1. So how tilted is helix 45-61 from the main axis of the chain? Cα-based, degrees 0 to 90, rounded to 10.
2. If you stretched the chain out fully between A103 and R169, how much longer would it get, using 0.36 nm times the residue separation minus the C-alpha to C-alpha distance?
3. List, in the order given, every pair from K25/K123; K79/K123; K75/K166 whose Cα-Cα distance in the structure shown is over 20 Å.
4. Please compute the modelled spin-label separation between L65 and E29, points set 7 Å along Cα→Cβ, answer in nm with one decimal.
5. On full extension of the chain, what length is gained from V162 through D150, given 0.36 nm per residue of separation minus the C-alpha to C-alpha distance?
6. Efficiency by 1/(1 + (r/R0)^6): what FRET value for L86 and A21, r their Cβ-Cβ distance, R0 = 22 Å, to the nearest 0.05?
7. Only residues of region 28-57 count here: report those whose backbone N is under 20 Å from the spot 7 Å along Cα→Cβ of E76, or say none.
8. Would you give the gap between the C-alpha center of region 141-172 and the C-alpha center of region 78-116, rounded to a whole Å?
Amino acid sequence: MALQMALLLTGCGPATKVSVAPDFKQGPEQEAIYIVPFVTTLVPENFSDAVFNAYVDDLNDNHTLTNATWFSIIKEELKNVDQQWLAKQFYITGEIWSYIENAGCCSTELRVKARLQFFEAGKKEPSMEVYIPLESFFDHDRSTLAVERDRLAARLAREMTVQTIKALRKQH
């Protein structure tokens, strides 16, 4: 357990990985960028909802760093969206999975994995993919599971926002 704690404190934990297609155009000029509600697998609903809501709010709070006027949620499942309309849009999909709470007598480790996929207008395959694994560890004497779950959700949303803003940043 001491080794895990040392690795977490020294930043040797899992790192965000970004894959970008060679023809990806950074900072698309589009009034709205659409976000599809995230797919989740075995993730507490309050956790995934907190991540998604904070991510969309953070993007809209920082939209001036991009060429988008706003980030809008697609309320329907993608299969029910007009595919001709969707093909003309820049949109983002996401997944959250592998949420684990590994509790012991005195401490708990939290882990989660997430992925964002960026689809450019006119493309059926994602032009960019961001994989984000996060870990957290806390002592039961210093915090609670509810507090640490909220912190991890906020960290995940913040990392998603950072990576999205990097991809969509205005070109000068």
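1. Taking Cα atoms only, the helix is inclined about 50 degrees.
2. Taking 0.36 nm per residue and subtracting the Cα distance, the gain is 19.8 nm.
3. Distance filter (> 20 Å) returns K75/K166.
4. Label at E29, label at L65, 2.2 nm between them.
5. 2.5 nm
6. Computed FRET efficiency for L86 and A21 comes out at 0.75.
7. Flagged as within label range: 32-39.
8. 13
The values are calculated or read from the model by the stated rules, or taken from the named source; none is laboratory data. All of these numbers come straight from a predicted model, not from anything done at the bench. When we count neighbours, we look across all protein chains shown, and the Cβ atoms used for this are built from the backbone with ideal geometry, even at glycine. Ligands, DNA and RNA are excluded from the accessible area calculation, which covers all protein heavy atoms including side chains. Shrake-Rupley method; radii C 1.70, N 1.55, O 1.52, S 1.80 Å.
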